[in-house]
Amino acid sequence: MSKRKPAGYWTKERCKKAALECKHKGEFSKTYSSAYGSALRNGWMNDICSHMKEAIKPKGYWTKERCKEAALRCEIKKVFKKKYRGAYEVSLKNDWLDEVIKPSIFWTKDKCRKTAILCKLRSEFNKKYPGAYNASRKNKWLDEVCSHMNTKKRKQLGYWTKEKCKKAALECKHKGEFNNTYPRAYTISRKNKWLDELCIHMNRPKSKIIWTKERCYKLALLCKTRTEFQKEYPGAYN
């Protein structure tokens with residue numbers, strides 16, 4: 001048994017190396033529990049466990065209730081099928097799929113609140129848990145679930161000067177993130193025609209990206225209209 005690691009030891013790179021030694025998430029959790037916990041908290045699981053296969057379950061394991069529990073860990077049907085193929089196939093065979101997969105209620109208000117508590121800033125919440133952030137924004141829960149955060153009392157009229165918009169933009173990697181994290185600053189920047197100037201540091205997605213349906217879906221969630229989607233992410237839109 002290895003000695004307990006100091007706080008901050010389990011960086012993404014170390015978690016990835018540990019994960020590569022394991023065949024499935026169950027083995028990863030059992031063998032490197034601290035690394036597994038760190039990866040889970042920081043939202044690295046999909047990235048560092050992409051090589052893993054689902055552990056083979058005994059016949060009869062995938063009851064309707066277990067299929068529901070597995071589906072609740074996935075935001076869309078494609079992810080459920082990929083991560084829990086056994087559960088997906090049993091659900092399909094027993095005609096449970098529509099009942100088991102309910103992406104519209106995956107991020108309940110309570111689940112969003114519990115996830116938001118793990119973050120100090122809205123930008124951190126958006127970056128680590130985009131599904132929870134977007135569900136909170138769409139359902140108008142964002143102010144409530146983020147009430148513990150330091151950032152936000154609602155800004156007064158005139159708060160978003162060009163300088164403040166610039167500082168907000170500098171925290172973001174692309175216009176979609178800027179719009180999603182600081183919607184008021186983004187709107188004012190666009191209205192005043194500051195947007196191109198304030199976002200000059202931002203990178204566009206590289207042209208050689210393979211636009212899977214899942215990638216397009218994630219970027220589309222950052223936009224409020226199809227026009228915005230087309231303008232900000234033309235590769236994904238096309």
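Name the single residue, out of those in the range 116-143 being open to solvent by 90 Å² or more (accessible area, probe 1.4 Å) and more than 20 Å from Lys224 (Cβ to Cβ), that is modelled with the lowest pLDDT.
This residue is Lys120.
With the condition kept exactly as written, say whether any residue in the range 39-55 is among the β-branched types (Val, Ile, Thr) and surrounded by fewer than 18 Cβ atoms within 10 Å (Cβ to Cβ).
No, because not a single residue in the range 39-55 is among the β-branched types (Val, Ile, Thr) and surrounded by fewer than 18 Cβ atoms within 10 Å (Cβ to Cβ).
I'd like the full set of residues that are on the phi < 0 side of the Ramachandran plot, at pLDDT 85 or above and either open to solvent by 30 Å² or more (accessible area, probe 1.4 Å) or out of contact with any Lys or Arg (no Cβ under 8 Å at 6 or more places or on another chain) (or both), limited to the range 190-212.
Within the range 190-212, Arg190, Lys191, Asn192, Trp194, Asp196, Glu197, Ile200 meet the criteria.
If a residue has to be in contact (Cβ under 8 Å) with a residue 40 or more places away in the chain and among the charged types (D, E, K, R) to count, how many in the range 84-126 make the cut?
Of the residues in the range 84-126, 1 are in contact (Cβ under 8 Å) with a residue 40 or more places away in the chain and among the charged types (D, E, K, R).
The values are calculated or read from the model by the stated rules, or taken from the named source; none is laboratory data. Keep in mind that this is a model prediction, so the values were computed, not measured. Note that each Cβ is placed from the backbone with ideal geometry, even for glycine, and that neighbours are counted across all protein chains shown. Surface accessibility is based on the protein's heavy atoms, side chains included, excluding ligands, DNA and RNA. Shrake-Rupley method; radii C 1.70, N 1.55, O 1.52, S 1.80 Å.
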